[in-house]
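The values are calculated or read from the model by the stated rules, or taken from the named source; none is laboratory data. Predicted model only: the values in this text are computed from it and were never measured. A quick note on method: Cβ atoms are made from the backbone with ideal geometry, for glycine too, and the neighbour counts reach across all protein chains shown. The protein model used for the area step is the full one, side chains on, heavy atoms only, and it has no ligands, DNA or RNA in it. Shrake-Rupley method; radii C 1.70, N 1.55, O 1.52, S 1.80 Å.
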Protein chains: 2
Amino acid sequence: MSRASVGVNRIDHVGVLVPDASAASAQFEAALGLTIDEDEVLEDVGVRLVYLVGQEGHGYCDLQLVEPIRDGPLRAHLNEHGQGPHHVCFTTDDIDQSLLDLDDTGAKVFRGGKGRRACFLSERIGGVLVELIETSTAKPARGL
Amino acid sequence: MSRASVGVNRIDHVGVLVPDASAASAQFEAALGLTIDEDEVLEDVGVRLVYLVGQEGHGYCDLQLVEPIRDGPLRAHLNEHGQGPHHVCFTTDDIDQSLLDLDDTGAKVFRGGKGRRACFLSERIGGVLVELIETSTAKPARGL
């Protein structure tokens, strides 16, 4: 991969693959006081996503619980490796430019969490599965 | 674990276990434009820690590269499981109170990254190895 001229801005969330997001969010709430910021199902992707935040709330890095809702690669990964950290997601202003800069022709852009355009990079970096998410395509903030 | 009355504030960093933090940080810089915010060795813990940040810089969640500098459990983990996400660290105002609330008598408090008091919880949550770090014991910000 070549040098990215459009660098990422910050970490948006850490994705944690779990078999049951309700049970896991209850555990995180009981142990750490985390609360649910958002809870959504992406039918096309086949996942339920539950975003957990600490007392400082939204605007920092979320913990994103990823629960597969049907058989597929994610459920297979869960069955093989068990629950735990799955990916780290960084924000970018322009996902298409980021992929051009990375010369990553294998990454597939999809409509990810919170309505934003997203993709997973084809190659892990430092053993980390990296997701990019385009903040400009986010849904309007709630309450606006 | 019982309910925490002292909840955590936010995610401080995601720890990524790597065999060579210099090589990994170069890869993250080349691919994502991440830059090194801090680079330190904790002799007592036996690790080199390199903190990487995106364009929005410090104040959000860091990517923390963890390089074991001698043989021990971390290097053994690396040899067995390979590089990749290792833990998620949350900030707390009072680490002793958090451990009391959690009734976690097995967690050992140590001097962790950036001079802060830290501990790893004895039990994983949702498959995640959780670190707590006490922000009030941080070193003064550089430049002050």
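Looking across region B:120-129, just one residue is in contact with a helix residue (DSSP H, G or I) (Cβ under 6 Å, 6 or more places away or on another chain) and part of a strand (DSSP E or B), and that is B:ILE125. Filtering region B:60-112 to residues that are among the small types (Gly, Ala, Ser) and either within 17 Å of B:LEU129 (Cα to Cα) or outside any loop (DSSP other than H, G, I, E, B) (or both) leaves B:ALA76, B:GLY82, B:GLY84, B:SER98, B:GLY106, B:ALA107, B:GLY112. In this entry, B:LEU78 is excluded by the filter for residues that are within 24 Å of A:GLY84 (Cα to Cα) and surrounded by fewer than 19 Cβ atoms within 10 Å (Cβ to Cβ).
For beta carbons closer than 9 Å, sequence separation of 6+ or different chains, a first residue in region A:10-32 that is without any contact (Cβ under 8 Å) to a residue 24 or more places away in the chain and a second that is in a helix (DSSP H, G or I) and open to solvent by less than 10 Å² (accessible area, probe 1.4 Å), the qualifying pairs are A:ALA31/B:LEU102; A:LEU32/B:SER98; A:LEU32/B:LEU102.
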